[in-house]
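Just below is one structure, and these are the notes that go with it.
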């Protein structure tokens with residue numbers, strides 16, 4: 001279990017170190033050692049900095065039955081062979097199966113990487129800023145990360161380990177399974193009367209019931225519907241409900257990028273990208289608070305309602321193009337209240353939550369609408385669609401003048417998420433109580 005408070009302190013300290021506030025470069029290096037030890041402590045790993053027994057060591061720690069001594073380097077240019085040779089000498093002064101680790105913020109010279117690819121090299125892992133960022137933002141548990149680093153070195157002979165290398169040896173294998181199921185069963189038909197919405201509805205059908213209960217999400221890409229459930233990522237078409245990946249507890253939506261042929265989803269508040277071979281890659285940092293990804297106009301964005309100390313302003317933030325430029329913008333929406341957002345063609349943004357629906361242009365508030373317990377929001381063809389009070393789907397034009405009632409579910413539960421498939425066609429994830437247990441279902445609705 002990550003110590004969130006301690007990790008947030010580490011993030012704040014790292015920002016201070018980057019600005020070199022009141023510190024010489026040498027003192028910053030010492031502080032960097034202590035910070036790495038503190039980050040490991042936040043991951044529940046016992047780590048000690050600045051050991052001076054048989055040579056000065058920046059950080060030492062243990063993961064299971066493996067002992068590590070770590071040197072941290074924060075230089076302006078890629079480091080050469082000297083610090084690696086010194087660490088190799090210190091390893092030889094210790095018992096077998098002690099591993100060395102160097103984290104270099106500036107990388108390594110080509111000569112170092114060439115020498116460390118030779119036979120007889122010391123047992124030292126060469127890591128860079130990508131691995132440090134993963135530890136700092138807890139994208140991956142430190143114990144799992146260092147186990148995977150050793151696996152890469154042992155099985156592939158690589159000591160210069162990058163983030164992409166690690167996912168080959170992660171303990172959770174995200175296997176492409178593609179198990180089709182009938183679109184509708186007898187139990188689904190029996191649930192229909194409980195789930196039917198009210199309003200001007202011309203077509204309604206239950207796609208699937210008795211689904212895993214937990215965090216969920218729905219998104220649409222090129223009219224294909226993607227569903228996130230607590231046991232993995234699914235794709236819905238007219239004839240089947242297909243499970244694409246086994247993933248434990250992904251958060252809310254998964255979003256498909258048809259250009260990159262990759263699936264994006266959230267685990268532990270971090271955005272992950274997965275290609276067609278089922279290999280995940282971490283995208284960006286770990287975001288605080290409630291995190292949700294969404295796709296608008298073919299681009300994938302993110303909204304976060306937590307404070308990561310990057311701004312003194314306690315407000316919501318959106319990250320535009322999470323798979324590309326990752327431009328982060330702070331909005332004046334109350335930080336703890338926002339839950340979802342969407343963008344229009346001109347870059348305007350609508351944010352929803354318990355403070356209502358607020359529409360921004362050039363990140364300035366233009367209009368707002370009172371919404372009771374606002375949940376999901378989506379943009380389609382000139383209209384902003386949103387959920388009110390967990391059960392009512394409504395829409396409003398970009399002028400913010402007229403709210404349209406589309407349909408309402410009379411449930412002892414709520415709508416987990418929705419997506420606009422085409423004009424007047426919607427898919428919902430419902431959470432409901434059948435009198436005995438809490439269940440979930442996917443339903444299709446077409447408005448009249």
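Return yes when residue 61 is buried (at least 17 other Cβ atoms within 10 Å of the Cβ), in the same structural domain as residue 135 (by TED's automatic domain parsing) and either under 21 Å from residue 92 (Cα atoms) or modelled with pLDDT under 85 (or both) and no when it is not.
Yes, satisfied.
Residue-wise test of (1) at pLDDT below 85; (2) assigned to a strand (DSSP E or B); (3) surrounded by fewer than 22 Cβ atoms within 10 Å (Cβ to Cβ).
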site: 317; (1), (2), (3): yes, yes, no
site: 324; (1), (2), (3): yes, no, yes
site: 366; (1), (2), (3): no, yes, yes
site: 378; (1), (2), (3): no, yes, no
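This table checks each residue for (1) surrounded by fewer than 16 Cβ atoms within 10 Å (Cβ to Cβ); (2) in a strand (DSSP E or B); (3) out of contact with any helix residue (DSSP H, G or I) (no Cβ under 8 Å at 6 or more places or on another chain).
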site: 68; (1), (2), (3): no, yes, no
site: 72; (1), (2), (3): no, yes, no
site: 76; (1), (2), (3): yes, no, yes
site: 86; (1), (2), (3): yes, no, yes
site: 118; (1), (2), (3): yes, no, yes
site: 131; (1), (2), (3): no, no, no
site: 134; (1), (2), (3): no, no, no
site: 147; (1), (2), (3): no, no, no
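Return yes or no: is residue 45 in contact with a helix residue (DSSP H, G or I) (Cβ under 6 Å, 6 or more places away or on another chain), within 25 Å of residue 12 (Cα to Cα), at pLDDT 90 or above and surrounded by fewer than 21 Cβ atoms within 10 Å (Cβ to Cβ)?
Against the criterion (in contact with a helix residue (DSSP H, G or I) (Cβ under 6 Å, 6 or more places away or on another chain), within 25 Å of residue 12 (Cα to Cα), at pLDDT 90 or above and surrounded by fewer than 21 Cβ atoms within 10 Å (Cβ to Cβ)), residue 45 qualifies.
Taking the stated definitions as given, is residue 78 at pLDDT 85 or above and over 28 Å from residue 5 (Cβ atoms)?
So residue 78 fits the description; yes.
Condition test on residue 390, is it in contact with a strand residue (DSSP E or B) (Cβ under 8 Å, 6 or more places away or on another chain), surrounded by 13 or more Cβ atoms within 10 Å (Cβ to Cβ), at pLDDT 90 or above and in a loop (DSSP other than H, G, I, E, B)?
It is false that residue 390 is in contact with a strand residue (DSSP E or B) (Cβ under 8 Å, 6 or more places away or on another chain), surrounded by 13 or more Cβ atoms within 10 Å (Cβ to Cβ), at pLDDT 90 or above and in a loop (DSSP other than H, G, I, E, B).
Between a first residue in region 1-22 that is farther than 13 Å from residue 34 by Cβ and a second residue that is at pLDDT below 85 and surrounded by fewer than 16 Cβ atoms within 10 Å (Cβ to Cβ), which pairs have beta carbons less than 7 Å apart while being 6 or more apart in sequence or on different chains?
Here the result reads 8/309; 11/309; 12/309; 15/309, each pair linking region 1-22 to a residue that is at pLDDT below 85 and surrounded by fewer than 16 Cβ atoms within 10 Å (Cβ to Cβ).
Out of the residues in region 136-145 meeting the condition of being surrounded by fewer than 21 Cβ atoms within 10 Å (Cβ to Cβ) and touching a residue at least 40 places away in the same chain (Cβ under 8 Å), tell me which one is farthest from the chain's Cα centre (by Cα).
Step by step, filter region 136-145, then rank; the result is 143.
Which residues, counting only those in region 326-353, are in a loop (DSSP other than H, G, I, E, B), at pLDDT below 80 and over 18 Å from the mean Cα position of the chain (by Cα)? Walk me through how you get there before you give the answer.
Step one: filter region 326-353 for residues in a loop (DSSP other than H, G, I, E, B), giving 326, 335-337, 344-348.
Now restrict to residues that are at pLDDT below 80: 326, 335-337.
335, 336, 337, listed by residue number.
Among the numbered conditions (1) outside any strand (DSSP E or B); (2) over 29 Å from residue 240 (Cβ atoms); (3) under 30 Å from the mean Cα position of the chain (by Cα), tell me where residue 400 comes up short.
Among (1) outside any strand (DSSP E or B); (2) over 29 Å from residue 240 (Cβ atoms); (3) under 30 Å from the mean Cα position of the chain (by Cα), the lone unmet condition for residue 400 is (3).
Consider region 431-443. How many of its residues are within 15 Å of residue 392 (Cα to Cα) and at pLDDT 85 or above?
Result for region 431-443: 1.
Looking at region 92-116, which of its residues are part of a helix (DSSP H, G or I), modelled with pLDDT of 85 or more and out of contact with any helix residue (DSSP H, G or I) (no Cβ under 9 Å at 6 or more places or on another chain)?
Result: 110, 111, 113, 114.
Return the residue satisfying two criteria in turn: it lies in region 149-163 and is under 22 Å from the mean Cα position of the chain (by Cα) and part of a helix (DSSP H, G or I), and of such residues it is nearest to residue 9 (Cα to Cα).
163
Give region 32-50 a look and list any residue that's over 21 Å from residue 106 (Cα atoms), over 24 Å from the mean Cα position of the chain (by Cα) and either not assigned by TED's automatic domain parsing to the domain that holds residue 72 or not in a strand (DSSP E or B) (or both), or say none.
Selection gives 46 alone.
The values are calculated or read from the model by the stated rules, or taken from the named source; none is laboratory data. Small disclaimer: the values here were computed from a predicted structure and weren't measured. Backbone-built Cβ (ideal geometry, glycine too); neighbour counts: all protein chains shown.
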